[in-house]
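The values are calculated or read from the model by the stated rules, or taken from the named source; none is laboratory data. All values reported here derive from a predicted model rather than from experimental measurement. For neighbour counting, all protein chains shown are included, and Cβ atoms are generated from backbone atoms with ideal geometry for every residue, glycine included. These area figures cover heavy atoms from the full protein model, side chains too; ligands, DNA and RNA do not enter into them. Shrake-Rupley method; radii C 1.70, N 1.55, O 1.52, S 1.80 Å.
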Amino acid sequence: MLKKLVGIDHALFIQKNALNRKNRRLVIEARNESFSSRVKIHESCVYRAHPDNPDWTCFEQVIGKE
């Protein structure tokens, strides 16, 4: 799909993962390195235990563009 849109075979992203075992929370943040001079994309995903049922997982995703 990238090759058809912009003529490249791959894109590069920088990702940071932060795990807090005590609070049962995982935060994953990613940003694009390819084409960052044209558009900047920042994605943040948070996984955490559900407050009422610790066997469930809550997921939150935020995607921002500059």
Keeping to segment 7-37, report how many residues are over 30 Å from Trp56 (Cα atoms) and either open to solvent by 80 Å² or more (accessible area, probe 1.4 Å) or touching a residue at least 12 places away in the same chain (Cβ under 8 Å) (or both).
-> 10
Residue ID - surrounded by the fewest Cβ atoms within 10 Å (Cβ to Cβ), chosen from residues in segment 38-66 that are among the hydroxyl-bearing types (Ser, Thr, Tyr) and over 15 Å from Phe13 (Cβ atoms) = Thr57
